[in-house]
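Below is one structure, written out as structure tokens; the observations come after it.
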């Protein structure tokens, strides 16, 4: 397949040939959903913890005798119905990880990349260079490409590029190794540099 290769501040466009295996796949909605859910689940900490009645300190003795006091029967002050007692269904640390095979993950990423390329969300650019770590320069650069809500994928994120874009909530700059399904689907525009394209094809072809 051929796509336009855009350069900043240039009206003329070149053509770039991309791999059909990576950018011309049929969109598999079920597979993409599974890959996205698995990725998000892997980011959950799962550290929530509460104490059950057996884990709360104290309560080893019956607070009062069974009969004759006029009060309700009570076996421990750490009962869930007592203030300071244990939790009835206490949450425990858990692992939310979902297993997704490597082939499935790669197929899902190829499906996402193909859909973004087909819909015109994914654009290939010659390069994205920031001379100084200034947010103003980043905004001016994005205006040259006529994009705002954008994910920029580079072969290597320079310090200037990172510093210039970190204060913009609608801009994210990553390298190919950090590319994930959620990031690809979270922006209205995705810019891929020519060098990053080579690495993407090596990774998913």
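Would you call residue 37 under 31 Å from the mean Cα position of the chain (by Cα) and at pLDDT 90 or above? Yes, satisfied. For the stretch 32-56, filtered to residues that are in a loop (DSSP other than H, G, I, E, B) and free of Cβ contacts under 8 Å to residues at least 12 places away in the same chain, the residue that is surrounded by the fewest Cβ atoms within 10 Å (Cβ to Cβ) is 45. The number of residues in the stretch 18-31 being surrounded by fewer than 19 Cβ atoms within 10 Å (Cβ to Cβ) and touching a residue at least 12 places away in the same chain (Cβ under 8 Å) comes to 8. Of all residues in the stretch 97-110, those that are closer than 19 Å to residue 197 by Cβ have Cβ atoms under 6 Å from Cβ atoms of residues that are at pLDDT below 95 and surrounded by 12 or more Cβ atoms within 10 Å (Cβ to Cβ), 6 or more apart or on another chain, in 106/204; 109/204; 110/22; 110/25; 110/204.
Answer with yes or no whether residue 90 is modelled with pLDDT of 95 or more and in a loop (DSSP other than H, G, I, E, B). Answer is yes for this residue. May I ask you to verify whether residue 103 is farther than 17 Å from residue 172 by Cβ and not assigned by TED's automatic domain parsing to the domain that holds residue 22? The answer is no for residue 103. Out of all the residues in the stretch 165-181, is one or more surrounded by 18 or more Cβ atoms within 10 Å (Cβ to Cβ), over 26 Å from residue 32 (Cα atoms) and without any contact (Cβ under 8 Å) to a residue 60 or more places away in the chain? Yes: the stretch 165-181 contains one or more residues that are surrounded by 18 or more Cβ atoms within 10 Å (Cβ to Cβ), over 26 Å from residue 32 (Cα atoms) and without any contact (Cβ under 8 Å) to a residue 60 or more places away in the chain.
The values are calculated or read from the model by the stated rules, or taken from the named source; none is laboratory data. Given the structure is predicted, the values throughout are model-derived calculations rather than measurements. Positions of Cβ are generated from backbone atoms using ideal geometry, with glycine treated the same way; all protein chains shown enter the neighbour counts.
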